[in-house]
Amino acid sequence: MDEARFEIPIGPQHPALKEFEYFKFTVEGEKVVDVEPKIGYNHRGIEKAMEDRTYIQDLYLVERICGICSDAHTTCYCQAIEELMEIEIPPRAKYIRTIMAELERIHSHLLWLGLVGHEIGFDTLFMYVWRDRETVMDLLELISGNRVHYATNTIGGVRRDIPPEMTDEIKEGLGKLEERTRFYKELCLEERTVAQRAVGVGVLKPEDAIRLCAVGPTLRASGIARDVRKDDPYAAYGEIPFNVVTYDGCDVASRILVRCDEVIESVHIINYCLDNMPKGPLRAKGMGRAVKPGEVVSRVEAPRGELIHYAKSNGTNKPERYKVRSPTLGNIPALCKMLLEGYIADIPIVIAGIDPCFGCMDRVSFVDVKSGRNWVWSHEQLRRYSLEWYRT
Amino acid sequence: MDSEGRREEEIIKALSAHLGEGRVIEASVSRERRVFITISPEDLQGALRFLSEEQGFRHLSTITGVDAEDGIEVIYHLNDGKIALSLRVTVPKANPILPTIVDIIPGAVLYEREVHDLFGVVFEGHPNLSPLILPDGWPEGVWPLRKEWDIKRIRRKLKGGKDG
């Protein structure tokens with residue numbers, strides 16, 4: 001190994017968040033020259049567990065894959081099983097699924113925006129955004145009774161209605177969310193702190209984004225207009241006018257702008273759904289329980305990007321095989337590319353930039369390979385290091 | 001097939017023509033934007049190169065492994081922006097070897113490692129097949145998503161029992 005090079009292992013634990021990851025960085029001075037990810041610290045064997053449970057039990061298990069995009073997973077799951085069962089869900093259920101999906105996107109994107117503020121040492125932004133995010137959490141609770149696992153989707157439709165009496169309250173909340181998001185977008189465009197830490201940082205060129213199979217806002221911030229809602233419509237997306245947001249800065253700043261604009265698009269989608277909500281039942285009538293042998297591929301646009309499930313049934317009440325690929329995994333190769341040639345100080349914000357299912361890292365140990373000396377930094381220390389580094 | 005299925009059908013025809021007569025083992029359009037094609041492992045790289053370079057299927061959503069009794073099915077979920085094309089090959093369980101596709105689709109790098117971890121499929125030419133998902137110290141030869149490793153047997157093995 002080159003004498004000037006150091007290896008820096010980062011991760012895997014973080015006690016506060018749901019996914020753990022580990023990266024081994026090789027650095028030359030302040031520059032990252034190699035990145036090697038190791039995932040799986042939170043691998044719970046859910047795919048195996050699903051083969052051992054019935055389709056109804058699996059619905060509840062799938063909901064718990066993620067505590068942020070739980071609705072995306074159940075939507076993807078229900079679609080898969082409904083296709084295997086040849087069930088068409090009622091139009092009203094499609095609209096309710098769409099509304100829940102977009103509320104979830106708003107809460108996820110705002111959560112992320114707050115974390116971005118935190119990572120770049122702009123904690124005021126973090127606190128304001130998270131305060132405002134409570135508005136959407138309240139709406140989710142109003143509809144589903146829950147803040148995290150809404151348990152709204154079920155095979156054949158939805159379990160909860162959005163009656164006309166709720167419309168005013170939802171619209172009022174959405175109005176507030178739109179106004180605040182527009183404010184934060186302006187702020188991010190004008191505030192020097194954000195520009196300094198985000199513009200030109202964590203670059204992912206369009207060609208690399210495609211080659212490395214990036215997904216979601218990460219891909220769209222590299223100028224590629226791909227969105228499962230538009231390209232492979234599900235729920236009610238085929239009937240709703242909306243824009244696929246792209247920016248071509250290919251950096252963290254563009255990832256911020258894409259998500260801000262997507263929140264505003266989500267507000268419009270929900271308003272449209274509320275105004276055009278079809279009447280009728282919430283769940284398909286007269287459906288049996290049998291799931292015929294077959295296989296399906298189900299996709300949704302989760303807040304973080306393309307979520308894909310593959311299901312294979314064997315005629316019993318349990319799946320033969322169920323496969324889940326979450327968007328974070330899809331973005332790891334692209335993330336490694338973004339980190340290359342970047343600075344140590346940018347590691348936290350670039351990792352946060354893809355909105356991984358972990359917001360930050362807990363333990364950072366730096367190893368001097370040559371002398372064998374090593375020292376450990378917590379995530380907080382790495383964050384402070386990065387803030388200090390930018391101050392000078 | 002109705003008009004909606006046209007592009008889906010064309011892809012099957014184009015791939016059949018490219019690989020030569022009889023090389024596509026099975027192909028179906030299950031619905032709009034969903035295509036399933038089965039080929040044999042020796043055609044894998046040629047098919048992927050053709051689909052990604054000439055048919056626009058540059059996005060690989062993931063790779064799924066499926067235990068099919070004597071063999072392991074490996075399914076490459078490709079996408080051209082609209083159509084989800086699942087390209088399937090089957091390798092024997094006793095000798096599960098496939099060529100890597102990271103030279104064709106670099107985004108496959110982690111998906112191949114995942115299938116290697118969970119099913120023991122070896123992707124020849126892959127730059128690094130070290131464990132990605134399984135923990136350090138996972139016993140060798142335990143491929144947790146293979147059917148012969150049911151949950152109880154895995155638990156026994158992890159507790160240090162003799163092969164469950």
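Each reported figure results from applying straightforward, stated rules to the coordinates on display, with no laboratory input. For clarity, every value in this text was computed on a predicted model and none was experimentally measured. Every residue, glycine among them, receives a Cβ derived from its backbone with ideal geometry; neighbour counts consider all protein chains shown.
Observations, loosely collected:
- When chain B is treated as a Gaussian network with alpha carbon springs shorter than 10 Å, the biggest mean-square fluctuation among B:Ala108, B:Ala17, B:Ala84 belongs to B:Ala17.
- Kirkwood-based shape ratio for segment A:27-86, expressed as Rg/Rh from alpha carbons: 1.25
- Overall, the protein assembly as shown carries a charge dipole of about 1340 debye about its Cα centre when +1 sits on the Cβ of Lys and Arg and -1 on the Cβ of Asp and Glu, all other atoms neutral.
- Cross-link pairs A:Lys285/A:Lys318; A:Lys48/B:Lys157; A:Lys318/B:Lys93; A:Lys24/A:Lys323 - those with Cα-Cα distance over 25 Å: A:Lys24/A:Lys323
- Segment A:171-203 versus segment B:14-37: alpha-carbon centroid distance in Å: 46 Å
- Loop-resident sites, segment A:240-298, for trypsin sites (Lys or Arg not before Pro), counting at most 14 other Cβ within 10 Å (DSSP): A:Lys279, A:Lys285, A:Arg289
- For q = 0.12, 0.25 Å⁻¹, Debye-computed log10 I/I(0) when each Cα of segment A:240-313 counts as one equal scatterer: -0.61, -1.15
- Partner chain coverage, peptide A:210-216 - average Cβ within 10 angstrom: 5
- Rounded, prolate or oblate (a/c below 1.5 giving rounded, otherwise prolate when a/b exceeds b/c) for segment A:121-253 by Cα gyration tensor: oblate
- Shielding of peptide B:140-147 by partners, expressed as the average count of other chain Cβ atoms within 10 Å per residue Cβ, is 2.
- For segment A:218-271, a/c is not less than 1.5, where a ≥ b ≥ c are the root eigenvalues of the C-alpha gyration tensor, and a/b does not top b/c. That puts it in the oblate class.
- Extended-chain gain in nm, criterion 0.36 nm per residue less alpha-carbon gap, A:Asn146 and A:Glu179: 9.4 nm
- Within the listed set A:Ala225, A:Ala195, A:Ala290, the residue fluctuating most in the Gaussian network model of chain A (springs between alpha-carbon atoms under 10 angstrom) is A:Ala290.
- Most mobile of B:Val74, B:Val109, B:Val121 in a GNM of chain B (Cα contacts under 10 Å): B:Val109
- Sparsely packed loop sites in segment B:7-50 (the GluC sites (Glu not before Pro) outside DSSP H, G, I, E and B with at most 12 other Cβ atoms within 10 Å) comprise B:Glu21.
- The mean number of partner chain beta-carbon atoms within 10 angstrom of a residue's beta-carbon across peptide B:76-88 is 4.
- For B:His59, the residues whose modelled amide H falls within less than 5 Å of its own, excluding neighbours fewer than 5 places apart on the same chain, are B:Asn79.
- Inter-label distance for B:Glu42 and A:Asn314, nm, one decimal - labels placed 7 Å from Cα along Cα-to-Cβ: 3.1 nm
- Length released on extending from A:Glu186 to A:Glu239, taking residue separation times 0.36 nm less the Cα-Cα span: 16.0 nm
- Overall Cα dimensions of segment A:46-325 - principal axes, largest extent first, Å: 59, 46, 30
- Toward the positive end of the charge dipole of segment A:46-325, with +1 on the Cβ of Lys and Arg and -1 on the Cβ of Asp and Glu, the farthest Cα among A:Ile308, A:Ile264, A:Leu140 is that of A:Ile308.
- Shape category assigned to segment A:108-162 from the gyration tensor of Cα positions, a/c cut at 1.5: prolate
- In terms of other Cβ atoms within 10 Å, A:Met277, A:Met127, A:Met287 run from fewest to most in the order A:Met127, A:Met287, A:Met277.
- Net charge in the neighbourhood of A:Asp132 (other residues with Cβ under 9 Å of its Cβ; Lys, Arg +1, Asp, Glu -1) is +3.
- Projected-area average for segment B:11-139 over all orientations - Cα convex hull basis, square nanometres: 8.1 nm²
- Mean projected area of the Cα convex hull of the protein assembly as shown, taken over all directions, amounts to 25.9 nm².
- Contact order for segment A:254-339, expressed relative to its length and based on alpha carbon pairs under 8 Å spaced 6+ residues apart, stands at 18 percent.
- Highest-first arrangement of A:300-307, B:129-136, where packing means the average Cβ count within 10 Å: A:300-307, B:129-136
- Rounded Å value of the spacing that divides the Cα centres of segment A:216-277 and segment A:87-124: 11 Å
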